[in-house]
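Just below is one structure, and these are the notes that go with it.
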Amino acid sequence: MNLTSAERQVLAALADLLIPAGNGFPSASEAGVANEGLDQLLAVRPDLLNPLKGLLLRAQDRGPAEFIAELQRNDSAAFGVLAELVPGAYFLNPDVRTKLKYDGQSARPIDPREDYLEDGLLQSVIDRGPIYRPTPAK
Amino acid sequence: MSEPDPDVLIIGAGPTGAVAAKRFVEAGMRVVVLEQGDWPDYSKARANHSDFELTAGRNWSGNPNRRQAPADYPIDDSQSDISAVLYNAVGGGTVIYAAHWQRNMPSDFRVRTLDGVADDWPLTYEELQPYYEKVEADFGISGLAGDTAFPPGKGPPLPPGPLAPMGRRVARAHNRLGWHWWPAPNAIATRPYGPLKPCTQRATCMWGCVEGAKGSVDLTHWPQNIKAGVRLITGARVRRLNVDAAGLVTGAEYFDRQGAVHFQRASVTILGASGIGTPRILLLSDTPKFPNGLANSSGLVGRRLMMHPFGTVVGLFDEDMQSTHGLWGQHIHSLQFYETDPARGFVRGAKWGLQPTGGPLSMTRGYPWGDNPIWGANFHQNFHERFARSAMWGIICEDLPETENRMVLDPALKDSDGIPAPKLVYRMSENSKRLLQFHLARARESLEAAGARQVVTAPLIRETGWHLLGTTVMGDDPSASVVNAWGQAHDVPNLYVFDGSIWPTSSGMNPTATIAALALRCAEHLVENRRLQKVPA
């Protein structure tokens, strides 16, 4: 998707600073954020490609930590591209989703149980009585 | 032989137009509706795809400046604290609304009498109550009768959604605090109901409901209206209303999608184009007889714009709140601080709705989390503290009317047909700022009492102008209002406004319930009095 391997390497370094490995979860680059995850993301969000390329151009020959700190300080729009794209691609990774026990915004039919009646929850509100001001008489 | 002119022309196929058209066609009237948008394209709804969170904002953004669809007109919001959110399509704002179905409370109709500010409405809660009950049946509302924040009466037709773990936790806390809560009313079907299927709690209500469970009028009204004989013309952008020598509206000029101009005649014209679209059309329709725009002898067309400043407070809990899913929508609502308490230093109040927080990508974004750090060495720990373990109060603040808060025609900006675009001039009032700060603080206390380990107050964001109200105010005095209590323009007897533009005050509620009930009340009055209605020769 129009990104060179050099650009992908720069992205991987930046992405790993945002999402390092930890708590049993892979780092961004290990989860393919700069490779297949990025391609999958750009397929549905092509609007992010040019801002990303501009950002990676600026990041060349810069220390990734220094570059990110500068974006956070002075260029919230550019940092916003990274902050959308890196977790966006990360959470597309099937292994990450499995570890999260997250199967997307899947259907969870409503349990017809009237949970508002449990433990006298609602009765407590009713017992406190009306809280509205009635329409004043003319 | 040509078709006879319709009895009624409605501009706008949102909830106002849908409710009114239904009543008119039931009464045997001929109805034509002009809608500049098309039918919503639910093939772009991605709730059942892994990229949902990435694509939702692109296809279902409520900001026309961001969406830039062919049916949209640009809005200059550079001089407004809040950006307008609306949807130009069959269904209007109900396509993207969160479906919080809130009636106004009795005091909302008597703000001047009770609180000494703004204006009373020329009707009462009790007068509107039967219309609430009727439209709640038509929209497939879920909820529970007996809410202690409202007078007794019939409840909605469907049972409420679940409180869910978040709602039960906060409900218990409010009971300890002695604060109000109630199972929330939603325009979300909890059981099969007419054309609606039951909700499956994907928490994606604002970005294309893939289930067909949300009570949006493209599902609940328009197919039935069309079947009953209403003629709905999509891709029809009105550029002005025309007036005859007697000062009566003869109909509307509109562009079709190919740029051709048409004229639709009608005996009566009704505007239901939103608090921005409606005054825009009136201001565009100036004539030598109406030099400041149609129906504008009061000078109030476009003024008194109210948009409901919006706040969010999020609680993070140690236990699983299942908050990736649920009703979005709301699980419970609280009206504990809705009524005025002069000791607080402001008047009026706000409604709170408790919602889930969504999927994983939503845990990393600036809204609602603000500058609270997530990135870097502690990313996973920070993320897991939020993901599925958080719940948020959305706070709708009442916005009082001020004549300087207004919509005007932009002198330079135009839509794709060359029609002057609207410009918003809006500043949040001191009363609104105090009100918002008070409610954010109380909502924090609510979540802390519920056991939240951390509470985050979200940054205020601009794109929260979902509720566009007040710009053609109703009242009894023609010098101080645009329309009367039945939506009829004081200056033009066969011109009506039925939408949220006519609200004298904004309440602190999500407005669709009252917009729909008011539209039905106005339509009912027009039906009953149609033989007395002045119409063009």
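Quick look at the values:
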{"item": "Helix B:512-528 axis, angle to chain B major axis (alpha carbon atoms, nearest 10°)", "result": "30 degrees"}
{"item": "Contour minus Cα-Cα distance for A:Arg108 and A:Arg133 (0.36 nm per residue)", "result": "5.1 nm"}
{"item": "Kirkwood Rh, Cα atoms: Rg over Rh of region B:147-305", "result": "1.12"}
{"item": "Å³ per residue enclosed by the Cα convex hull of region B:183-224", "result": "76 Å³"}
{"item": "Helix B:430-449 axis, angle to chain B major axis (alpha carbon atoms, nearest 10°)", "result": "40 degrees"}
{"item": "Alpha-carbon Rg with Dmax, taken over chain A, Å", "result": "23.8, 77"}
{"item": "HN-Hα J in Hz across region B:271-282 - Karplus 6.51, -1.76, 1.60, θ = phi - 60°, x for Gly and Pro", "result": "9, x, 10, 5, x, 10, x, 5, x, 4, 5, 5"}
{"item": "Mean shadow area of region B:52-123 over all directions, Cα convex hull, nm²", "result": "7.7 nm²"}
{"item": "For B:Val135, B:Val314, B:Val456, order by how many other beta-carbon atoms lie within 10 Å, fewest first", "result": "B:Val456, B:Val314, B:Val135"}
{"item": "Cα gyration tensor shape of region B:1-91, rounded if a/c is under 1.5, else prolate or oblate by comparing a/b with b/c", "result": "prolate"}
{"item": "Charge-dipole axis of the protein assembly as shown as Lys and Arg at +1 and Asp and Glu at -1 on Cβ define it, positive-most pick from B:Ala228, B:Trp39, B:Ala56", "result": "B:Ala228"}
{"item": "With at most 13 neighbouring Cβ atoms within 10 Å, loop GluC sites (Glu not before Pro) (DSSP) excluded, longest segment of chain B", "result": "B:1-318"}
{"item": "Cα gyration tensor shape of region B:331-455, rounded if a/c is under 1.5, else prolate or oblate by comparing a/b with b/c", "result": "oblate"}
{"item": "A:Glu118 versus A:Gln9: modelled label distance in nm, points set 7 Å from Cα along the beta carbon direction", "result": "5.6 nm"}
{"item": "Cut-off 15 Å (backbone N to label point 7 Å along Cα→Cβ of B:Ser479), residues of region B:273-308", "result": "B:297-300"}
{"item": "Region B:222-340: equivalent-ellipsoid semi-axes (sqrt of 5 x gyration tensor eigenvalues, Cα, Å)", "result": "42, 22, 13"}
{"item": "Bins of 10 Å from zero: percent of alpha-carbon pairs in region B:407-537", "result": "10, 26, 29, 20, 10, 4, 1"}
{"item": "Ranked A:Ile126, A:Ile131, B:Ile281, criterion: other C-beta atoms within 10 Å, fewest first", "result": "A:Ile126, A:Ile131, B:Ile281"}
{"item": "Net +/- balance of residues flanking B:Glu211 in space, Cβ distance below 10 Å, scoring K and R +1, D and E -1", "result": "+3"}
{"item": "Sorted by Cβ neighbour density within 10 Å, fewest at the top, the residues B:Ile141, A:Ile68", "result": "A:Ile68, B:Ile141"}
{"item": "Residues whose placed amide H lies under 5 Å from that of B:Ile10, excluding near-sequence neighbours", "result": "B:Val32, B:Val33, B:Leu34, B:Ile270"}
{"item": "Label-reachable residues, region B:352-396, where backbone N falls under 20 Å from a point 7 Å from A:Ala21's Cα toward its Cβ", "result": "B:375-384"}
{"item": "Degrees separating the helix A:49-59 axis from the principal Cα axis of chain A, which is the longest one", "result": "60 degrees"}
{"item": "Base-10 log of normalised Debye intensity for region B:60-183 (one unit scatterer per alpha-carbon) at q = 0.09, 0.13, 0.23 Å⁻¹", "result": "-0.42, -0.85, -1.18"}
{"item": "Positive-end residue, region B:406-491 charge dipole about Cα centroid, Cβ charges, pick of B:Gly451, B:His467, B:Leu409", "result": "B:Gly451"}
{"item": "Distance histogram for chain B (every C-alpha pair counted, 20 angstrom bins, percent rounded to whole numbers)", "result": "23, 58, 18, 1"}
{"item": "Additional length obtainable on full extension of the chain from B:Lys227 to B:Ala412, 0.36 nm per residue less Cα span", "result": "62.4 nm"}
{"item": "Phi-based couplings in Hz for region A:72-89 (Karplus 6.51, -1.76, 1.60; Gly and Pro marked x)", "result": "4, 6, 10, 9, 5, 5, 5, 5, x, 4, 5, 6, 8, 6, 5, x, x, 6"}
{"item": "Average projection area in nm² (convex hull over Cα atoms of the protein assembly as shown, one quarter of hull surface)", "result": "29.8 nm²"}
{"item": "Normalised per residue, the volume of the convex hull around the Cα set of region B:397-439 (Å³)", "result": "92 Å³"}
{"item": "Dipole of region B:226-347, positive direction: furthest Cα of B:Ala245, B:Met307, B:Leu294, with charges on the beta-carbon", "result": "B:Ala245"}
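Read the figures in this text as sums done on the coordinates, not as results from a lab. Predicted model only: the values in this text are computed from it and were never measured. A quick note on method: Cβ atoms are made from the backbone with ideal geometry, for glycine too, and the neighbour counts reach across all protein chains shown.
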